[in-house]
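Report on the following structure.
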């Protein structure tokens, strides 16, 4: 039996997706990348935020480009991650994780849900096609 990592992250998108084309061994591939803030309160009551860079490839990149926006609530699933670091505006080093999403769930409510305050099924034309 092989080994596996399975991770789900849920958080708010911190930046609109940046879409680019990358050369790979299998030809050019489109990738959409965006940051997601994952928050928690530690045992001492202090709020902590971990920024995760989500990379969506191929058809998932098209979905991210069309539907993911800054402030969106999403859930991404991955089977691999890479630690990384970045420097914030004050010059302090911060931890980050990069993931290649193999599943992306949009958790934002639709305008219709917000207006009605209920979770009625939308018409077939209004459903997201994935």
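The values are calculated or read from the model by the stated rules, or taken from the named source; none is laboratory data. None of these values were measured; they are calculated from a predicted model. We place every Cβ from the backbone using ideal geometry, glycine too, and count neighbours over all the protein chains shown.
Observations, loosely collected:
- Among the residues listed as 103, 70, the single one being surrounded by fewer than 14 Cβ atoms within 10 Å (Cβ to Cβ) and closer than 14 Å to residue 10 by Cβ: 103
- Selection over segment 11-63 of residues that are over 18 Å from residue 80 (Cβ atoms) and surrounded by fewer than 18 Cβ atoms within 10 Å (Cβ to Cβ) gives a count of 26.
- Selection status of residue 53, free of Cβ contacts under 8 Å to residues at least 24 places away in the same chain and under 23 Å from residue 6 (Cβ atoms): no
- Residue match in segment 17-35 (condition: modelled with pLDDT of 95 or more, in a loop (DSSP other than H, G, I, E, B) and closer than 25 Å to residue 72 by Cα): yes
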